Structure formats: C-alpha cells, structure tokens
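Visitor: A single structure is presented below for examination.
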Amino acid sequence: MLSSFLTSSLILGCGYSDFVYTDLREKLKQESESHIVRPGVQGEDHRRIYIYDDGSWFLTFEYFYMGDASKDISCIMAVGPDDEFSSVFEFRAKELPEADLGEPVPRPPLDPIQ
C-alpha cells in the first residue's frame, strides 16, 4: 500500500532550514538510515536524499546564505517508496513547492530544466 511508507506523510514545501529539520525529526520520529549529498543542478547549493530503513526516502533542495544560517532555506521536493529511489538523482523541478513549512519564505530562483 503506497500510503504506508514512513515518508508518505511529509508535505512538499519550503521553509527556513532550522524549522524544516526540527519538524522532520518530530514527524518521522527516527533518524534516517543514511543520506546522500549531491551538488545542486538547478540553482540550489546542494541536494540531500534521506533514506529510511523501510526503504522510503525524501529529497531536499538546500539554499545557503553565507554569514546568516538563520536564512538558509530547505525545500522538501519529493518523497517516495524504495521502488522510486533510483530515479531521484535525475529529478528536475519545474517550480519549487508552494506550501510554506513554518514561516513563509521567499522562493529562491530555480534554474530551468535543461
């Protein structure tokens, strides 16, 4: 059943990184089994993929503001079960999610799909 994987309850959206990761810890109630960091490809500083022991995962785009970590923005871009994991490295977004995670944040520019 698709809705039974751990990360299925996550909302796609953007927020200040401190809030986003505090909220993720509260919602998921467990640490990821592993995570992978890749360079950004659409204007984000980097992408993080968190993988859980049930095989589910989520992908974030991370935007850093030098000198003021309180302004760093994280966007939860995609979630899925293990059978979708192999394609997440090729993920390209048409736009950032509209939902605000916590306080509304400005949306960083997103480079077009090439």
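Visitor: Identify all residues within the range 91-114 that are β-branched (Val, Ile, Thr) and either without any contact (Cβ under 8 Å) to a residue 40 or more places away in the chain or touching a strand residue (DSSP E or B) at 6+ places or on another chain (Cβ under 7 Å) (or both); write none if there are none.
Guide: Of everything in the range 91-114, just one residue is β-branched (Val, Ile, Thr) and either without any contact (Cβ under 8 Å) to a residue 40 or more places away in the chain or touching a strand residue (DSSP E or B) at 6+ places or on another chain (Cβ under 7 Å) (or both), namely Val105.
Visitor: Here is a follow-up. Select from the range 56-90 the residues that are aliphatic (A, V, I, L, M), buried (at least 19 other Cβ atoms within 10 Å of the Cβ) and either without any contact (Cβ under 8 Å) to a residue 24 or more places away in the chain or under 19 Å from Pro108 (Cα atoms) (or both) and list them in ascending order.
Guide: Leu59, Ile73, Ile76, Met77, Ala78
Visitor: Out of the range 1-55, which residues are surrounded by 15 or more Cβ atoms within 10 Å (Cβ to Cβ), closer than 18 Å to Pro97 by Cα, among the aliphatic types (A, V, I, L, M) and out of contact with any strand residue (DSSP E or B) (no Cβ under 6 Å at 6 or more places or on another chain)?
Guide: If the condition is that a residue be surrounded by 15 or more Cβ atoms within 10 Å (Cβ to Cβ), closer than 18 Å to Pro97 by Cα, among the aliphatic types (A, V, I, L, M) and out of contact with any strand residue (DSSP E or B) (no Cβ under 6 Å at 6 or more places or on another chain), then Leu24, Val41 are the ones that fit.
Visitor: Restricting the search to the range 91-103, which residues are closer than 24 Å to Gln30 by Cβ and surrounded by 14 or more Cβ atoms within 10 Å (Cβ to Cβ)?
Guide: Step one: of the range 91-103, the residues closer than 24 Å to Gln30 by Cβ are 91, 97, 99, 101-102.
Phe91, Pro97, Leu101, Gly102, listed by residue number.
FYI, it's all coordinate maths here, none of it is from the lab. Model, not experiment: these values are computed from the prediction. Reconstructed Cβ throughout: ideal geometry from the backbone, glycine too, with neighbour counts over all protein chains shown.
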